[in-house]
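A.B. asks: Below you will find the structure I want to go over with you.
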Amino acid sequence: MACSGYPECKNTRPLEETAEPKMSDETCDKCGKQMVFKIGRFGRFLACSDYPKCKNTKPIPLGVKCPKEECNGDIIERRSRRGKTFYGCSRYPKCDFVSWNKPVNRSCNACGNNYLLEKYTKARGNFLQCPECKHIETLEESTV
């Protein structure tokens, strides 16, 4: 959506921001009200619906626990300074786990690793790969 005063005003905003905010199933840790999905400079996040009274925010977890030893964080979607999406631990900077590929909460059939990475190539299309043993699964066989 663009400013109606163009060309003097060149302000733009994604259409998602202007629509009604989507409610989530999460509740605010500080005030107990429902959280809503918002879009910020570094991607999507959860914010308290009682803003500006309560300014609590938290990242959207993917449902995958951090694979590093003795880390109880969750893997979250983040965005780099240049706008590229990557995945990292919610306990950063205490935990430095990062991945360019999206982690999926499935164990490897070959080595038993507790998560797989979702990848894409022109030759194969979308597939899942184990980061430890490099075992490859198609998305169809992993959903069964």
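A.B. asks: Can you tell me which residues in segment 102-140 are in contact with an Asp or Glu (Cβ under 6 Å, 6 or more places away or on another chain) and either under 24 Å from Pro61 (Cα atoms) or assigned to a strand (DSSP E or B) (or both)?
C.D. replies: To start, the set of residues in segment 102-140 that are in contact with an Asp or Glu (Cβ under 6 Å, 6 or more places away or on another chain) comprises 102, 104, 111, 113, 128.
Answer for segment 102-140, where residues must be in contact with an Asp or Glu (Cβ under 6 Å, 6 or more places away or on another chain) and either under 24 Å from Pro61 (Cα atoms) or assigned to a strand (DSSP E or B) (or both): Lys102, Val104, Asn113, Leu128.
A.B. asks: May I ask you to list the residues in segment 66-91 that are closer than 20 Å to Ser107 by Cβ, hydrophobic (A, V, I, L, M, F, W, C) and not in a loop (DSSP other than H, G, I, E, B)?
C.D. replies: Hits for segment 66-91 are Ile75, Cys89.
A.B. asks: Then there is this: Could you please find all residues in segment 93-137 being basic (Lys, Arg) and out of contact with any helix residue (DSSP H, G or I) (no Cβ under 9 Å at 6 or more places or on another chain)?
C.D. replies: The initial filter retains those residues of segment 93-137 that are basic (Lys, Arg), namely 94, 102, 106, 119, 122, 124, 134.
Listed by number, the residues that qualify are Lys94, Lys102, Lys119, Lys122, Arg124, Lys134.
A.B. asks: Same structure, new question: Given the options Lys94, Lys84, Lys122, Lys65, name the one that is outside the structural domain of Met23 (by TED's automatic domain parsing), of a type in the set (Lys, Arg) and surrounded by 17 or more Cβ atoms within 10 Å (Cβ to Cβ).
C.D. replies: Lys65 is the lone residue from the list that is outside the structural domain of Met23 (by TED's automatic domain parsing), of a type in the set (Lys, Arg) and surrounded by 17 or more Cβ atoms within 10 Å (Cβ to Cβ).
A.B. asks: A further question on this structure: Hey, can you tell me all the residues within segment 28-74 that are touching a Cys at 6+ places or on another chain (Cβ under 6 Å) and under 23 Å from Leu116 (Cα atoms)?
C.D. replies: Cys66, Lys68, Cys71, Gly73
The values are calculated or read from the model by the stated rules, or taken from the named source; none is laboratory data. Quantities reported herein were computed from a predicted structural model and do not represent experimental measurements. Note that each Cβ is placed from the backbone with ideal geometry, even for glycine, and that neighbours are counted across all protein chains shown.
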